[in-house]
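The values are calculated or read from the model by the stated rules, or taken from the named source; none is laboratory data. Values in this document were obtained by computation on a predicted structure and should not be read as measured data. So basically every Cβ, Gly included, is an ideal-geometry build from the backbone, and we count neighbours across all protein chains shown.
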Amino acid sequence: MANSFYSALSGMRTHQQWIDVIGNNLANQNTPGYKKSRATFSDNFSQNFRHASAPSAGRGGINPMQVGYGVSIGSIDKTFTQGSLTDTGRVFDLALEGGGFFALQSPESRVFTRVGAFGLDAQQNLVDQASGSNVLDPNGVPISLDVTSLFPPQITTDVTMKGNLPAVVEGPLAEALSANSAYFIGTPAEKRSGSTAATYNVSALGGSPGDVVSMEIIANGGAPQQVVVPSDGTTGNVTAASIAAAINALQDVSAEVDGTGAIVVQTDRKGAQFSLDINPPIGALDLTQLVGFTTTLAGGSQSPIPSDLSSAPINNLTGNLIEYQDGDRIQLVGEDTDGAPISATFTYGAGADGTNMEDFLGFLNTYYADAEVTVDGSGRLAVTAQSAGEADLLLSLTDDPANTGRSDWNGYAMSVATDGTGPDTVTTSTEVYDAAGVAHTVTLRYERQADLTWNLHAEIPDGTGTIGEGSADDPITGIAFAPDGSPTGLGSVDSRVRVQFTGQPTQEIEIDLGRDGDVEGVTQFGSEGTAYVFDQNGFGDGELANLFVSTDGTIDGFYSNGQTRELGRMGIVTFQNDEGLRSAGNNSFQETPNSGEARFGAGDIRKAGAVISGSLENSNVDTAEQFVRLIEAQRGYQANARVVSVQDEVLAETVNLI
């Protein structure tokens, strides 16, 4: 009978211990980093009433007959499952997502914890706020963070450029004037008499002395003009000279008796658009018949002005109205590129300023200091500034009113063909730092050149220092681009800028424009200019502004100058057997012979897990599960207590048998 008493007693004692484990779990359900415990039972030794026997011939085997001696606690284990995380927003509240532990060192011992409720003490040591123990790094050394030192400045040595320079050229352009019409060398429409006699008699036409002869001339398709020549009243003769004189009295035509005695009639203007028609009169003696003029239409001709301007007489230009004579003057009025007035007179004649276009252009060029007068490829008179930029070019040609000859200079009037403009520019600016960390503004100005390459000028405000070598302007030159807009030839470009700020030594800054064929740097596409400074490697001194712990346990300091520096690193410890650790109170554990040695390392590596800043790990106790286990433990305890009660009643009955 005693066995049942002791078995029930062991059951009550064991279930009480289970209730103790459950109670501890429930008590720590809100303890950060707490890992729940689990109790397992094992039965005690049993009393043998009969041993087992093996089967034999004619008899089967017999099982053993035993009565147990009760139950005991087989083990109480920690369950190291991951707890949920609670966001605290505090930098040094650290949690682990994985199987690692933080290491803490006190004068008495080294312990390990899942609860990263850390902070800095007065000596800038990272400590556990509950115990004051030092937090250890991956080498097992206490972590000390320098949070008071300034971040030292760094001098600017590199500037990285990106963005676009416009491919559409709007400058630099040199101002250019061009004539409204091209120069042509022309011949007039011409008719020659078939006869070369000095005199003609009207009797050949059946006329009498004193009769008139006449004909009709149409010049350039205009209205008919009548040529009327009276004969001598005595002889009836008409001279070739009198006929030429009568024609010269008309408009747009002229006549002369040439060396052969022929009467030559020409249009005053030269060129293919001019024509000459001579017709017989109606009802009068026919002068065309008398001297032998044909009645077919005659036209002028023209050809482009030759490249050899010495073979282009001024009088042969299609714009010439009346041929110039020696001493005739052509007035030049204009302005040079800088607005300086020009006034000169070209005197026509072989012994004067000249008679052909080569002479004329040579004369004009002597009066333009910063421009060139030419006849361009299209045959137009052109005045082109020698340098790009805004200019005030003017050129006007007129005849002296006293001239014999004259030209239609209005037809060759000059107008602006290309406005002079300054170079295309794209400007940006950046701050650079000298050796003392003082910020200075540097303006970077791209400027397109006449050969379509770019120069990059660096400028600093007056009074802050000097820039360049040997002069106030020492640009980066020869920045060129391929047809696809990518830079080319950068290997031959000296992209250094030298600057000396007041009180500082000269510093050399490398301007990174990109790489040949690569569009990640500066480009030249069709869009607008957007070139800008992407980065520069200098900075001033800075104070610690913020701290951050990354997932591998690195503690970074963020400084007011925009820089980041590693101040320390959390040590994350792993064990071969986490359940072999011994609880040491204060949410900490100690290693045991069965846990294996502590292995120090960094976070975010395999079992160690990631370090989560601004969070704490919650207990992994499942309250509902624990209450179910509590009910089970209570029922077990009650059942064993009932066994004691029943055995007590049995013993009472036994005593009452006496």
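Is it the case, given these coordinates, that N63 is surrounded by fewer than 15 Cβ atoms within 10 Å (Cβ to Cβ), of a type in the set (S, T, N, Q) and at pLDDT 90 or above? For N63, the condition - surrounded by fewer than 15 Cβ atoms within 10 Å (Cβ to Cβ), of a type in the set (S, T, N, Q) and at pLDDT 90 or above - is not met.
Mind counting the residues in the stretch 24-58 that are in contact (Cβ under 8 Å) with a residue 40 or more places away in the chain, outside any strand (DSSP E or B) and more than 60 Å from the chain's Cα centre (by Cα)? Before the answer, list the steps.
Taking the stretch 24-58 and keeping what is in contact (Cβ under 8 Å) with a residue 40 or more places away in the chain, we get 25-26, 28-38, 47.
Retained after the next criterion (residues that are outside any strand (DSSP E or B)): 25-26, 28-36.
Among the residues that remain, those that are also more than 60 Å from the chain's Cα centre (by Cα) are: 25-26.
Counting residues in the stretch 24-58 that are in contact (Cβ under 8 Å) with a residue 40 or more places away in the chain, outside any strand (DSSP E or B) and more than 60 Å from the chain's Cα centre (by Cα) gives 2.
Residue-level analysis places E170 outside the set of residues that are modelled with pLDDT under 95, touching a strand residue (DSSP E or B) at 6+ places or on another chain (Cβ under 8 Å) and crowded, with 22+ Cβ neighbours inside 10 Å. Once the stretch 198-211 is narrowed to residues that are touching a residue at least 40 places away in the same chain (Cβ under 8 Å) and surrounded by 16 or more Cβ atoms within 10 Å (Cβ to Cβ), the residue that is nearest to D286 (Cα to Cα) is L205.
On the stretch given as the stretch 574-616, residues that are under 44 Å from the mean Cα position of the chain (by Cα) and over 24 Å from F92 (Cβ atoms) total 1. Note on the stretch 565-615: residues that are in contact (Cβ under 8 Å) with a residue 40 or more places away in the chain, of a type outside the set (A, V, I, L, M) and assigned to a loop (DSSP other than H, G, I, E, B) amount to 9.
Give the residue, chosen from A472, A458, A450, A480, that is at pLDDT 95 or above and not assigned by TED's automatic domain parsing to the domain that holds G568.
Values: A472 fails: at pLDDT 95 or above; A458 fails: at pLDDT 95 or above; A450 fails: at pLDDT 95 or above.
Matching residue, one of A472, A458, A450, A480: A480.
Just one of T404, T398 is among the polar types (S, T, N, Q), assigned to a loop (DSSP other than H, G, I, E, B) and closer than 30 Å to N180 by Cβ; which is it? Show your work before the answer.
On the way: T398 fails: assigned to a loop (DSSP other than H, G, I, E, B).
Just one listed residue meets the conditions, T404.
Which of the residues belonging to the stretch 255-267 are of a type in the set (S, T, N, Q) and surrounded by fewer than 18 Cβ atoms within 10 Å (Cβ to Cβ)?
Going through the stretch 255-267, the residues of a type in the set (S, T, N, Q) turn out to be 260, 266-267.
The answer is T260, and nothing else.
Could you identify the single residue in G362, G411, G377 that is in a loop (DSSP other than H, G, I, E, B) and not assigned by TED's automatic domain parsing to the domain that holds I479?
Values: G362 fails: in a loop (DSSP other than H, G, I, E, B); G411 fails: in a loop (DSSP other than H, G, I, E, B).
On inspection, the qualifying residue turns out to be G377.
Going by what's in this entry, would A54 be described as at pLDDT below 85 and not basic (K, R)? When the stated conditions are applied, A54 passes them.
Can you tell me which residue is nearest to G206 (Cα to Cα) among those in the stretch 286-315 that are of a type outside the set (S, T, N, Q) and in a strand (DSSP E or B)?
Taking the stretch 286-315 as the starting set, the residues that turn out to be of a type outside the set (S, T, N, Q) are 286-287, 290-293, 297-300, 304-306, 308-309, 312-314.
Now drop any that are not in a strand (DSSP E or B), which leaves 286, 298-299, 304, 313.
Details: D286: 11, A298: 29, G299: 33, P304: 49, P313: 46 Å.
In this case the residue turns out to be D286.
The set of residues from the stretch 170-208 being under 60 Å from the mean Cα position of the chain (by Cα) and farther than 30 Å from D252 by Cα comprises E170, G171, P172, L173, A174, E175, A176, L177.
Can you tell me which residue within the stretch 115-137, out of those that are in a strand (DSSP E or B), without any contact (Cβ under 8 Å) to a residue 60 or more places away in the chain and under 48 Å from the mean Cα position of the chain (by Cα), is nearest to F80 (Cα to Cα)? If we take residues in the stretch 115-137 being in a strand (DSSP E or B), without any contact (Cβ under 8 Å) to a residue 60 or more places away in the chain and under 48 Å from the mean Cα position of the chain (by Cα), then F118 is nearest to F80 (Cα to Cα). Of all residues being closer than 23 Å to S231 by Cα, without any contact (Cβ under 8 Å) to a residue 40 or more places away in the chain and not polar (S, T, N, Q) in the stretch 268-327, which is surrounded by the most Cβ atoms within 10 Å (Cβ to Cβ)? Just the residue, please. Out of the qualifying residues, it is I282. Strands (runs of 3 or more DSSP E) fully within the stretch 138-256 that include at least 1 residues being over 30 Å from D518 (Cβ atoms) and charged (D, E, K, R): 184-192, 212-219.
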